[in-house]
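Just below is one structure, and these are the notes that go with it.
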Amino acid sequence: MTFELARRKDLTVEIRGGNSLPSLIVGAGDHASEKFIEFFAARIRNRNTREAYARAVVQFMVWCDERGLSLAAIRPVHVATYIESLPLSPPTVKQHLAAI
């Protein structure tokens, strides 16, 4: 499983194998970290989809972390604000929403 590194190194935490988890996930505890890894490792079969979703989710988590949001504090309005800020094509926006 490969995750893109977040733009800011201090917002990710290294895990075995050179992969990184968003610090927002790590900060939510071991259960959240386990579920995050499980989702990408076991639930998404297609490698390209898995990597695209991982990039999208890590990008969103970095955005949340930069705004001081905890995992538990994220609400639909935050997702909407984030999505509106993306200069992406409609299919890519849909992909980001599906990943989040």
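A simple count of charges around A28, restricted to other residues whose Cβ falls under 15 Å of its Cβ and scoring Lys, Arg +1 and Asp, Glu -1, yields -3.
The listed peptides 52-65, 25-38, 72-85, ordered by packing as a protection proxy, come out as 52-65, 25-38, 72-85 (highest mean of other Cβ atoms within 10 Å first).
Just so you know, all these numbers are worked out from the coordinates, no wet-lab data involved. Owing to the predicted nature of the structure, the values given are computational and were not obtained by experimental measurement. Here Cβ is always computed from backbone atoms with ideal geometry, including for glycine, and neighbour counts include all displayed protein chains.
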